[in-house]
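The values are calculated or read from the model by the stated rules, or taken from the named source; none is laboratory data. On a predicted model such as this, the values are computed, not experimentally measured, just so you know. Neighbour counts run over all protein chains shown; Cβ positions are idealised from the backbone, glycine included.
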Amino acid sequence: MKKILLTLFFAGLLSISYSQFYKNISGSPKGFSDSLNAIIKAYASNYRGIQGELIEMQNGVEIYKAFAAIPGAQSARIFRFQSKVDTTASWQAIMCSGVSFKDASKIYRNLYNAVKKAKINFNEPSAGGFYGEMQPPEESMRFIQSDLRSSSTGKIYQKLVVTIELTGEFDEWEVKISISHKRDDSHYL
């Protein structure tokens with residue numbers, strides 16, 4: 001009986017968490033855009049203004065708590081790379097974890113659409129945004145990624161990319177979003 005009650009309790013929490021995420025993404029485009037703008041503004045200073053305490057260190061990467069997140073994020077972190085080749089940082093948030101494919105794919109699609117609709121201030125005369133094509137979620141694929149590139153022509157933001165990932169392991173799925181500097185690797189192909 002206890003086990004059934006605990007299962008129902010956690011299922012209710014997950015349902016509330018999912019519905020809160022969906023409400024935050026679909027209910028307030030301006031709030032989403034404002035949050036995304038704050039993170040993108042911090043990108044210009046390699047996220048120094050929103051970096052919290054050090055959480056852990058891995059091979060060549062320091063992981064910090066991030067003070068800025070988008071609505072519905074479960075957690076947000078800054079990954080600071082420490083190699084001779086790459087000293088950039090990226091911001092990443094986990095939007096959902098341990099959910100069904102159906103719920104994760106809805107969050108993935110809603111997040112992609114929210115980023116694509118967001119009005120971004122790239123310190124240019126008019127608002128900009130992001131462009132790209134969504135890779136459709138398929139349950140048979142365990143990793144799906146959609147990249148949205150900045151519409152900015154300015155030096156600081158022209159290589160800014162928002163990546164949305166949908167990953168699955170067994171019956172549990174996760175959706176992440178990251179904002180980072182990406183060079184054009186096409187000349188290496």
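The number of residues in segment 80-97 being aromatic (Phe, Trp, Tyr) and free of Cβ contacts under 8 Å to residues at least 40 places away in the same chain comes to 1.
Within segment 103-115, being out of contact with any helix residue (DSSP H, G or I) (no Cβ under 9 Å at 6 or more places or on another chain) and either modelled with pLDDT under 95 or closer than 30 Å to LEU54 by Cα (or both) holds for ALA104, TYR108, TYR112. Contact map, segment 159-170: first residue farther than 10 Å from SER146 by Cβ and touching a residue at least 60 places away in the same chain (Cβ under 8 Å), second residue part of a strand (DSSP E or B) and of a type in the set (D, E, K, R), Cβ cut-off under 8 Å, separation 6 or more or different chains; pairs are LEU160/ARG149; GLY168/GLU174. Considering segment 30-48, and only residues there that are loosely packed, with under 13 Cβ neighbours inside 10 Å and of a type outside the set (S, T, N, Q), the residue that is modelled with the highest pLDDT turns out to be ARG48.
The condition of being buried (at least 17 other Cβ atoms within 10 Å of the Cβ) and of a type in the set (S, T, N, Q) holds for only one of GLN58, GLN92, that being GLN92. You will find that of ALA127, ALA118, the residue that is free of Cβ contacts under 8 Å to residues at least 12 places away in the same chain and under 16 Å from SER33 (Cβ atoms) is ALA127 and no other.
No other residue among ILE107, ILE120, ILE144, ILE179 is closer than 17 Å to TRP91 by Cβ, within 14 Å of the chain's Cα centre (by Cα) and buried (at least 16 other Cβ atoms within 10 Å of the Cβ) apart from ILE179. As for segment 155-163, it holds at least one residue that is under 20 Å from ASN37 (Cα atoms), among the hydroxyl-bearing types (Ser, Thr, Tyr) and part of a loop (DSSP other than H, G, I, E, B).
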